[in-house]
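Notes follow the structure.
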Amino acid sequence: MAYGIPLHAWNVSFFKLCVFYCGRFLRVDNSTIAKDGFNYARILLATSSLKVINTTKKLLVDGVMVELKIIEE
């Protein structure tokens, strides 16, 4: 799950950027694509790491630094 995604960046291309350093992007949950809620985005990714993903990343979105929290569900 990814928390803190700005609404104007809510799209598959941005979700791919969010998980780029965590693993290989596979797909986005149907509820996330349908924009049923904007609390978090559920993103499926493949990783070879056995560690649980629980990280914070900072990305520049339209000139504004955004802090995203990425948590393995």
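Rule-based calculations on the coordinates, nothing more; no lab input. For clarity, every value in this text was computed on a predicted model and none was experimentally measured. So basically every Cβ, Gly included, is an ideal-geometry build from the backbone, and we count neighbours across all protein chains shown.
Dipole magnitude for the chain: computed about the Cα centre from +1 point charges on Lys and Arg Cβ and -1 point charges on Asp and Glu Cβ, it is near 200 debye.
Counting every pair of alpha carbons in the chain, the share spaced more than 18 Å apart comes to 33 percent. Look at where the Cα atoms of region 23-73 and of region 6-20 average out, and the two centres are 8 Å apart.
Amide H to amide H distances under 5 Å link ILE53 with GLU72, where only residues 5 or more positions off or on other chains count and H is placed in the peptide plane. The peptide list 4-12, 47-55, put in order of mean Cβ contacts within 10 Å with the highest first, becomes 4-12, 47-55.
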